[in-house]
Every structure is written in structure tokens, then in C-alpha cells.
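Chemist: There's a structure below that I have some questions on.
The values are calculated or read from the model by the stated rules, or taken from the named source; none is laboratory data. Everything quoted here is computed from the prediction, not taken from an experiment. With ideal geometry, Cβ positions are generated from the backbone for all residues, glycine too; neighbour counts draw on all protein chains shown. Protein only, heavy atoms only, side chains kept; ligands, DNA and RNA dropped before computing areas. Shrake-Rupley method; radii C 1.70, N 1.55, O 1.52, S 1.80 Å.
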Amino acid sequence: MKVIIMAGGEGARLRPLTCDRPKPMVPVMDRPMMEYIIELLKAHNLTDIGVTLQYLPQAIKDHFADGADFGVKLRYFIEDKPLGTAGSVKNASSFLNETFLVISGDALTDFDLDRAIDFHRRKGALATLVLTSVENPLEYGVVITDQEGRIKRFLEKPGWGEVFSDTVNTGIYILEPEVLDDIEPDVPFDFSKDLFPLLLKRGAPLFGCVLPGYWCDIGNLAQYQQAHIDILQGKIALNLAADELERGIWLGRGADVAPDAVLRAPVYIGSGTKIDTGVTIADCSVIGSRNLIDSGASVKRGITWPNVRIGRGAHLRGGILCNQAQLSSRAAVYEGAVVGDRSVIEEDAVIKPDVKIWPYKRVESGAVQRQSLIWGTRAPRTLFGSDGIKGEVNKDITPELAAKLGAAYGSLLEKGAVVTSSDHWKASRMLKEALTAGLLSSGIKVYDAGNQLMPAARYAVTAVGAQGGVHIQLSTEDDDDSIQLRFLDAEGLNQPRSWERKIEQIFMREDFKRIKGTDVAETVFVPNFLQHYTEQLLQKVDKRAVANAGLKIVLGYPGSLLEECFLPILQRLGCQVITLNLNSPIDEKPFSFKTLCQRRSGVIATIRALEADLGMIMDPNAERMLLFTEEGQAIEGELYNALLSLLILRTNGGGTVAVPVTASNAIEKIAAANRGKVRRTKTAPRYLMETLRKEGAKGKVNHFQLSFDALAAAIMLLEYMAKERTSLSALLREIPDIHQRKKEIPCPWEEKGHVMRRLIEEAPPEGVEMIDGLKVHHPQGWALVLPDPEKPSYHVYGEGYSEEISESLTDFYVKKIKALQQKEEAKMR
């Protein structure tokens with residue numbers, strides 16, 4: 001059988017390891033990682049091999065030549081431009097006239113390939129994907145198969161709400177040559193995103209073969225270091241270029257170790273390396289060939305490549321030193337840091353954790369390097385959560401991070417402008433300025449809309465025709481200094497996940513667009529959008545009808561921006577407004593929506609005392625609100641969503657309402673009674689926004705605006721009550737009883753995919769939905785298990801005909817998740 005090794009990747013996430021070499025040539029245990037793939041193929045008598053190349057192809061050709069020195073026959077196929085995984089194999093179609101195997105040149109595995117080949121032939125498959133189970137499936141393509149191994153569904157790099165299995169695509173395929181007929185030549189085409197979904201849709205025999213064994217997709221620096229630890233700990237058996245002198249200590253040919261040097265297993269010392277007196281090498285360290293380590297130096301969990309020099313008394317702690325790097329006397333490199341080829345760290349200099357030093361750089365004597373040369377500080381593994389980027393000011397989200405985010409966002413945009421805005425808190429304004437600097441540095445014009453409410457910020461993006469926007473605000477749910485950065489697209493919607501990933505990738509690669517000083521963009525200040533926004537809201541309302549009703553409203557604790565725009569709106573509508581205030585200076589941190597809602601008793605007491613028609617507490621960013629009836633009953637959560645759906649259906653005379661999968665079934669009953677339909681979406685705001693935007697265009701009221709704009713929702717409610725001469729209590733009587741429970745249960749990240757897969761396997765064959773998470777319908781209600789995208793936990797929802805049934809359904813799945821976790825932990829022990 002012929003084989004294709006895909007070796008064209010540039011390994012952007014491994015920089016600076018890959019600045020001067022293609023990813024398959026990055027050394028693992030002092031040998032290019034592609035050598036291990038060739039040895040695996042040769043062990044299975046797979047020696048007729050084609051290699052696809054694109055990035056720095058000559059480096060691979062020079063090292064492997066025709067393959068004779070490695071006992072195989074190699075031929076090369078070079079892409080003039082990146083063609084994707086499937087496109088690169090199509091480029092080698094002249095070589096592929098029989099069943100063939102595809103494997104990546106930059107992964108590490110000991111899979112039994114013969115077993116996969118036999119599976120492929122027995123199933124009569126057109127394509128077989130080699131699958132394996134992993135702890136964290138988010139970074140891979142999740143594959144769901146039936147009991148026969150036939151593939152039923154793909155999910156490429158899913159969010160936690162989409163993780164229905166921990167079985168992932170390893171990038172190893174066994175294919176019949178006919179699959180190449182579906183790939184157009186010289187056009188980018190991907191196996192996972194394009195070819196396999198096409199075959200699945202067509203009903204072609206597409207199978208997944210789950211193999212036990214070790215597999216590591218060395219995609220980032222953490223995985224690169226972990227692969228070395230796994231090898232030293234014996235998790236994968238490789239042919240190392242060294243002898244094991246005693247258990248866990250490998251020594252290459254010609255290595256010279258001083259008698260008093262300390263080698264604490266497991267460690268690897270490459271050939272020709274000299275280790276001087278008093279040196280300590282310990283804790284899964286890998287020392288490359290021809291290194292010179294001077295007296296008193298210490299290496300723990302460190303990795304060095306060939307020809308590295310470590311000076312007297314220097315320390316390497318969990319870092320990586322690339323080819324010919326020099327760590328001078330008493331210098332130190334700490335965990336996660338990388339020193340690129342031929343870079344020099346002078347005496348007494350310190351490289352702080354996770355700093356990257358690009359090749360051919362020099363850090364001066366005594367310097368403490370806290371930033372990467374030249375591109376800035378390191379990015380966290382994941383930036384975006386379910387609703388933008390969130391963290392504590394000056395701890396998780398610093399001005400430096402905000403500036404880098406601006407540069408990353410601007411690097412994605414070819415030209416045009418971005419609107420920036422914030423709430424009135426001084427920390428939000430500070431971060432907005434830093435982010436603006438990053439945008440300007442990439443040549444993107446900035447419209448600074450000043451202090452804005454979130455709905456007005458969305459409106460501003462569309463009003464000026466910007467390519468996107470960023471709004472910075474205090475977190476609505478937290479009482480600490482947590483802040484949110486929310487990125488918007490050209491329609492004012494939250495950016496889709498695909499764009500969030502692109503921003504993350506540029507941020508993490510630190511691959512920012514750099515322009516000349518003369519091309520730096522400018523900021524245009526446009527602070528009056530709040531006024532424009534409120535005017536367009538009032539254009540759509542029957543002001544006379546509302547004024548004639550003379551509604552009395554209690555407005556609880558509005559912030560300065562709400563007072564600036566909402567109070568004038570209510571006054572122009574002829575409403576009598578009683579305002580309850582919490583004194584907060586303009587520059588001080590505004591109260592969170594959570595804190596305001598905890599003060600509801602004051603609003604309720606005022607409503608009853610003054611016989612008001614309704615009361616409300618509004619989110620300081622005007623996206624949500626807590627309503628109160630004239631009797632003081634609170635309307636929030638699912639009851640609020642049901643009320644909003646009722647108003648939309650009544651105003652539009654039917655139509656479709658869109659709600660997240662977590663919403664109560666009461667909304668279906670409301671829709672049925674009002675000639676309407678319900679469309680369920682994923683819980684992440686972007687998915688709901690996209691659906692609401694489409695449905696909102698079909699009726700008299702803008703469904704999207706009402707769901708994410710509390711001001712618009714409040715105005716519509718007042719107009720409806722005035723025209724229909726009804727009260728909030730009367731409207732609530734038309735909403736069916738809602739009995740819903742929600743609980744959160746901790747679950748380690750590494751177990752979340754496994755738990756979800758087992759829940760799906762054990763679910764009944766009927767009544768199961770997987771729009772987002774796993775929703776199971778029961779005769780008396782439903783339960784939903786939803787992984788949290790930001791925390792190691794699950795959310796379990798239950799709804800039934802009574803409080804007891806809701807509680808019972810929720811508890812049933814909580815106990816099930818705990819049992820699955822305990823079973824998995826027992827296995828690991």
C-alpha cells in the first residue's frame with residue numbers, strides 16, 4: 001500500500017521553533033519528528049511513500065533525500081500555494097493508483113496501522129478515518145459513529161455545547177483513489193471541512209476505526225513539551241538515539257558526564273554532549289546532541305536542541321533552547337519560555353515564563369525580559385468565552401493585552417473602520433484607549449463613540465458603516481472588577497466563533513500587521529450616538545397612545561447613562577416616573593445588574609405605596625431588565641422570555657419567535673395560541689442573534705432588538721399596555737405555569753468529552769435533541785445537559801409539569817454525571 005505523508009505545515013502555533021524549519025523537522029528527543037513517522041510506516045511494511053511539501057520544502061528534501069538511508073522510498077510533491085489537506089493529496093494524484101494511507105508528518109503515535117488497514121478492507125470503505133479518544137476534544141474534529149463504525153456526524157473544533165463525544169479525528173486516513181475525483185486540482189480543499197462532509201452527505205461508505213495507543217498532535221508549545229514528558233515516562237515506545245544506562249536515564253554515544261553531576265531520572269542526554277562538574281539534570285529534561293553545560297548549571301523539565309551552550313550557574317526551568325542558543329552564566333529561563341535559534345541570553349539576564357525570544361536576538365546582561373522579542377506578551381490559551389472576553393482588570397485583562405487585541409483585530413481587517421465604545425467606568429475607558437492604539441497601529445480607522453449603552457454601540461456600528469466594533473463594559477453578573485470586551489461584526493451582532501478564533505490565532509501567534517508610521521490611522525470622536533439612538537427608538541412608537549394612558553413607572557437604580565437617555569424617553573412619552581437612586585460618582589465602578597436585582601425590595605415597596613402601573617430595574621448596559629407588575633410580582637428569567645414572546649406574537653399577529661434551547665416549553669404553548677411558531681437555537685448569543693435578525697425582519701417589531709435591547713423592549717411593552725388598556729398582571733395570566741430548575745455540577749476539563757459521549761450512548765433512542773448539549777424529552781417534561789464553555793462544569797436544566805418533576809429530572813442527570821465521573825476516575829486509578 002502506498003502512503004502520503006503530509007509535511008507542508010508551517011507550524012505557526014509552534015513559533016519560534018518553526019521560524020527556520022518546517023514543522024515536521026522540529027526535533028523531538030533530538031531527532032526530527034517526521035523520522036518517527038517513517039519508522040512507524042516501515043515497521044508496518046509501508047515503504048512506498050509520497051511526501052507533500054509547501055513551507056520550506058528543501059529542508060525536508062535535504063534531510064531525507066530519497067529515503068534510502070531510512071529504509072523507504074520517498075518522492076516529493078511540492079505545492080506552489082497552500083492547498084489544504086485534501087488539496088495537497090490531490091496534488092500527488094499521479095502517484096496514487098491504489099488504496100493509500102494518509103498520515104501527518106508532525107504527529108507522534110504508535111498506532112497499529114495494520115489493524116486500521118484490515119478494518120478498512122473488511123468494511124469495504126471508500127474512506128476510513130483513524131479515531132482515538134482524548135481528554136479535551138475542543139481542538140480537534142469530533143466524529144460520531146454507529147456501532148458498526150459508520151460515521152454519522154462530524155464537528156470540526158466544536159464548542160463544549162457541541163461536544164457529543166471524546167472520539168476525535170487523528171488525521172490518519174485510509175482512502176480509495178476514487179475519493180480524489182471529488183477534489184478539484186489546484187484549489188484549497190480540506191478533508192475534514194470539505195471532502196468528508198461531502199461524502200457523508202452522499203451516503204458513501206465512510207467509516208471510523210477507533211484505535212488504542214498513543215497519539216499526540218503536536219500543535220502548540222505545551223503539547224510539544226508534554227510529548228517529551230510522555231516519551232520519558234514510557235507512554236510511547238520510540239527508537240531513541242541513546243542507550244538506557246539505568247532505568248530512566250538515556251545517554252547518547254560520546255556523551256561525557258562529570259562524576260559528580262546529578263542525573264535524576266527520567267532524563268535524556270544527546271550524543272557528544274559534555275556535562276561539567278556540579279551540574280543537575282532532572283525532572284523529564286531532554287538535552288540535545290553536542291551541548292556544553294558548564295559547572296553548577298541546573299536543568300529541570302527543560303528541552304535543549306543541538307549545539308546549545310549553558311553557562312556556569314545558569315538555570316533552565318521548563319523552557320526550550322533552540323539550535324545554538326546560548327544561556328550565559330547565571331542567566332535563567334523559566335517555564336514555557338522559548339529561546340530561538342542562535343539567540344544569546346547574556347549574564348544574569350532573566351527570561352520570565354512564557355516569553356518567546358525569536359531567532360538571532362540578544363538579551364542584554366542583567367535584563368529581566370517580561371515581553372517577547374519583538375511582538376509583546378504571551379496570549380492565554382483561550383481568549384473568548386460564550387460572550388466576548390472576560391476577566392479582572394489589570395489582572396486578566398491589562399492595557400497590554402487590550403492593545404494586542406486591537407492589533408490582532410485590526411490585522412484581520414483589510415481596511416475600513418471600527419467603532420469603539422465603553423460604559424462610563426474609568427477602567428473601561430482606559431482599556432478602550434489601549435485597544436484603540438492597537439487598532440490604529442494596524443492602519444484601521446477608529447470611530448470613538450465615547451460612553452455608550454450596548455444597544456447604542458450596536459447601532460453606531462451600522463450607522464457609520466464600520467466593519468465592526470468593540471464595546472468594553474463592566475461584567476453584568478460579577479461583583480468583582482470583572483470586565484467584558486465584546487467584539488461586533490458589521491451588523492452590530494457579536495462576532496461569530498470563526499472570527500473569534502481568527503483573532504485568537506493572530507493574538508497567540510503574535511503575527512500582527514505592521515505598517516509605516518505614515519500609514520497609522522486616526523481616531524474620529526462621535527459622542528452623540530446615544531441621542532441618535534434614542535431618536536430612532538421614539539420614531540417607531542405611538543407616542544400619543546402612551547401619553548394618553550398616563551402610566552406611572554418606578555425606575556429602580558438607573559446608572560448615569562440610563563438616566564441620560566431613558567428618563568427623557570419616558571418623559572417624552574408622557575409617563576410619570578419615580579426614580580430610586582444609588583449614589584455612584586461618574587468615574588466610579590457602576591453597580592452590576594446582579595447587585596441591582598438584589599435591591600428589588602425597594603422597588604416593590606415603592607410600587608405598592610404609590611400604586612404604580614409597573615416597575616423596572618435595568619441592566620446598566622441596557623440589554624436586560626427585571627420587571628415588576630402593579631402588584632409587585634417580579635418578572636425575570638424564563639417568565640420574562642415568555643412575556644416577550646407573547647408580546648411579539650401578539651404585535652406581529654403570529655409569525656416565528658426564536659429562543660435558546662434552554663427556554664421553557666411554555667413558549668410553544670403561547671405560540672400555538674397565537675398562530676405562531678418557535679425556533680430553538682444554541683445558547684451562545686451569536687446563534688440567537690443570527691436567528692432573531694432573520695425573523696425580526698418579517699414582522700412589525702424587531703425581534704432581535706427587543707431580545708438584546710431593554711430600552712426597546714420597555715418602550716414596546718408600554719405601547720402595548722397603553723393601546724390594549726391592559727396591565728402586566730393581566731398579561732401574565734395568559735402565560736402557562738413555568739416549572740424549571742437549573743443546577744451546576746463540577747466536571748474536570750479532561751472528563752467533559754467522555755461524560756457527554758456516555759450520556760449520549762445511554763440516552764433513549766427517541767426524544768433526543770442535540771441542538772446545544774444533550775436534551776432528552778420525557779413523558780412529563782425534559783432535561784438538558786449543557787457543558788459550560790468557560791468553566792470545568794456542566795449545567796443541568798429540568799422542566800416538568802410541577803416543581804417536584806422539574807427537581808426530579810434535574811437531580812436524575814446530576815446523579816448520572818457524578819456516577820460517570822466516578823467510574824472514569826476509578827478507571828484512571
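Chemist: Could you tell me which residue out of I345, G767, L413 lies farthest along the dipole of the chain toward its positive end? Charges go on the beta carbon: Lys and Arg +1, Asp and Glu -1, centred on the Cα centre.
Modeler: L413
Chemist: Would you work out what percent of the accessible area of the chain, with all protein chains in place, is carbon or sulfur (probe 1.4 Å)?
Modeler: Ligands and nucleic acids excluded, carbon and sulfur give 46 percent.
Chemist: Over all distinct Cα pairs, what is the inverse of the mean 1/r for region 464-515, reported as the Kirkwood hydrodynamic radius in Å? Kindly include the intermediate steps, with their values, before the conclusion.
Modeler: Values: mean 1/r = 0.0779 Å⁻¹.
Taking the inverse mean of 1/r over all distinct Cα pairs, region 464-515 comes out at 12.8 Å.
Chemist: If you count the DSSP beta bridges with both ends in region 343-458, what percent of them are antiparallel, to the nearest 5?
Modeler: 15 percent
Chemist: Now for a separate question. Quote the relative contact order of the chain in percent (integer), defining contacts as alpha-carbon pairs under 8 Å separated by 6+ residues.
Modeler: Computed value for the chain: 8 percent relative contact order.
Chemist: Hey, another quick one. Hull surface divided by four, with the convex hull built on the Cα atoms of region 139-274: how many nm²?
Modeler: Mean orientational projected area (region 139-274, Cα hull): 12.7 nm².
Chemist: If you don't mind, there's one more thing I want to ask. Tell me the accessible surface of K415 in square angstrom (1.4 angstrom probe, heavy atoms of protein chains only), to the nearest ten.
Modeler: Accessible surface of K415 is approximately 150 Å².
Chemist: Give the span of region 586-716's Cα atoms along each principal axis, as three whole-Å numbers ordered largest to smallest.
Modeler: 39, 35, 25
Chemist: I've got another one for you. Using only Cα atoms, what Kirkwood radius does region 695-829 have, in angstroms?
Modeler: After inverting the mean inverse Cα-Cα distance, the result is 17.8 Å.
Chemist: Using amide H atoms built in the peptide plane, which far-off residues or other-chain residues are under 5 Å from T420 H to H?
Modeler: For T420, whose amide H was placed from the backbone, the distant partners under 5 Å are Y447, D448, A449, V470.
Chemist: Ok, one more. May I ask what percent, to the nearest 5, of DSSP beta bridges between residues of region 585-743 are antiparallel?
Modeler: Percent antiparallel among DSSP bridges in region 585-743 is about 50.
Chemist: Also: Structure shown: which of K235/K390; K81/K395; K502/K816; K426/K540; K81/K356 lie over 31 Å apart, alpha-carbon to alpha-carbon?
Modeler: K235/K390; K81/K395; K502/K816; K426/K540
Chemist: With the alpha-carbon atoms as the only input, what is the per residue convex hull volume for the chain in Å³?
Modeler: 177 Å³
Chemist: Further question on the same structure: So what does the Cα-only Debye profile of region 1-63 read at q = 0.17 Å⁻¹, as log10 I(q)/I(0), no solvent term?
Modeler: Relative scattering, expressed as log10 I(q)/I(0), comes to -0.58.
Chemist: For M34, M1, write out the residues from largest to smallest accessible area, computed with a 1.4 angstrom probe and no ligands counted.
Modeler: M1, M34
Chemist: While we're here: So how do 804-815, 192-203 stack up, highest first, on mean other-Cβ count within 10 Å?
Modeler: 804-815, 192-203
Chemist: A further question on this structure: By its C-alpha gyration tensor, with a ≥ b ≥ c as the square roots of the eigenvalues, how is region 220-348 shaped: rounded for a/c under 1.5, else prolate for a/b larger than b/c, else oblate?
Modeler: oblate
Chemist: Grab the beta carbon distance between K426 and E178, set R0 = 45 Å, and tell me the FRET efficiency rounded to 0.05.
Modeler: Working: r = 64 Å, r/R0 = 1.43.
Efficiency at R0 = 45 Å is approximately 0.10.
Chemist: Relative to the present Cα-Cα distance, how much length would full extension add between K73 and Q576 at 0.36 nm per residue of separation? Intermediate values should be presented prior to the final figure.
Modeler: Details: separation 503, 0.36 × 503 = 181.08 nm, distance 8.64 nm.
Taking 0.36 nm per residue and subtracting the Cα distance, the gain is 172.4 nm.
Chemist: Hey, another quick one. Going Cα to Cα from K682, which aspartates and glutamates come in below 12 Å? Please leave out same-chain ones fewer than 8 positions away.
Modeler: Counting by Cα, and skipping residues close in sequence, K682 has these aspartates and glutamates nearby: E162, E690, E769, D772.
Chemist: Please give the solvent-accessible surface of D283 in Å², to the nearest 10, using a probe radius of 1.4 Å with every protein chain present.
Modeler: 60 Å²
Chemist: Can you give me the accessible area per residue for the chain, using a 1.4 Å probe, in Å²? Each step should come with its number before you reach the end.
Modeler: Details: 33840 Å² over 829 residues.
With all protein chains present, the chain gives 41 Å² per residue.
Chemist: Here's another thing I want to ask about it. Going from the alpha-carbon gyration tensor of region 666-756, what semi-axes, largest first and in whole Å, does one get by taking the root of 5 times each eigenvalue?
Modeler: So the three semi-axes of region 666-756 are 32, 18, 14 Å.
Chemist: Then there's this: What translational diffusion coefficient, to the nearest whole µm²/s, does region 237-278 have by Stokes-Einstein, given a Kirkwood radius computed over alpha-carbon pairs, a temperature of 4 °C and 1.567 mPa s viscosity? List each step's numbers first, then the result.
Modeler: On the way: Rh = 10.5 Å.
Roughly 123 µm²/s, to the nearest whole number.
Chemist: Could you work out [θ]222 nm for the chain from helices alone, using -39500 (n - 2.57) per DSSP H run of at least four and dividing by all its residues? Round to the nearest 500 deg cm²/dmol.
Modeler: Rounded to the nearest 500, the figure is -9500 deg cm²/dmol.
Chemist: For region 266-338, max minus min Cα coordinate along each principal axis, in Å, sorted largest first?
Modeler: 26, 23, 19
Chemist: Shifting gears a bit: Evaluate the distance, in nm, between pseudo-label points positioned 7 Å from the Cα of E734 and of K815 along their respective Cα→Cβ axes.
Modeler: If labels sit at E734 and K815, their model points lie 4.1 nm apart.
Chemist: Here is a follow-up. Based on the alpha-carbon gyration tensor of region 484-619, what equivalent-ellipsoid semi-axes (square roots of 5 times the eigenvalues) come out, in whole Å, largest first?
Modeler: 40, 20, 15
Chemist: Once all Cα-Cα distances of region 377-509 are split into 10 Å bins that start at 0, what whole-number percent is in each one?
Modeler: For region 377-509, the binned pair fractions read 14, 51, 33, 3 percent.
Chemist: So, by mean Cβ neighbours within 10 angstrom, what's the order for 672-681, 767-776 with the highest one leading?
Modeler: Output ranking for 672-681, 767-776: 767-776, 672-681.
Chemist: Under a point-charge model restricted to the Cβ atoms of Lys and Arg (+1) and Asp and Glu (-1), what is the dipole moment magnitude of the chain relative to its Cα centre, in debye to the nearest 20?
Modeler: Its charge dipole is roughly 840 debye.
Chemist: Let me ask something additional. Full-extension gain between D62 and R150, please, as 0.36 nm times their residue separation minus the C-alpha to C-alpha distance.
Modeler: On the way: separation 88, 0.36 × 88 = 31.68 nm, distance 4.11 nm.
Full extension from D62 to R150 adds 27.6 nm.
Chemist: So what's the gap between the Cα centers of region 708-741 and region 92-133, to the nearest angstrom?
Modeler: Cα centroid of region 708-741 versus Cα centroid of region 92-133: 59 Å apart.
Chemist: Quick one: net charge around A666, please, counting Lys, Arg +1 and Asp, Glu -1 for every other residue with C-beta under 11 Å from its C-beta.
Modeler: After counting each charged neighbour, the total is -4.
Chemist: Quick check on region 752-829: what does the Kirkwood estimate of hydrodynamic radius come out to from the alpha carbon pairs, in Å?
Modeler: Working: mean 1/r = 0.0768 Å⁻¹.
13.0 Å is the Kirkwood radius here.
Chemist: Note down the nm distance, to one decimal, between modelled labels 7 Å out along Cα→Cβ at E564 and at R544.
Modeler: For the pair E564/R544, the computed spacing is 3.3 nm.
Chemist: Report the net charge of residues surrounding A622, where surrounding means a beta-carbon distance below 15 angstrom and charges are Lys +1, Arg +1, Asp -1, Glu -1. Walk me through the numbers on the way to the answer.
Modeler: Values: positive: R458, R486, R624; negative: D423, E563, E564, D619, E623, D709.
Residues close to A622 contribute a combined charge of -3.
Chemist: While we're here: Be a star and scan region 786-823 for residues whose amide nitrogen sits under 13 Å from the point 7 Å along the Cα-to-Cβ vector of Q780.
Modeler: 799-812
Chemist: Ok, one more. Note the direction-averaged projected area, equal to a quarter of the hull surface, for the Cα convex hull of region 1-142, in nm².
Modeler: Over all viewing directions, region 1-142 projects a mean Cα-hull area of 9.2 nm².
Chemist: Output the Cα-based Rg and Dmax of region 301-357 in Å, rounding Rg to one decimal and Dmax to a whole number.
Modeler: Here Rg and the maximum Cα pair distance are 9.4, 23 Å.
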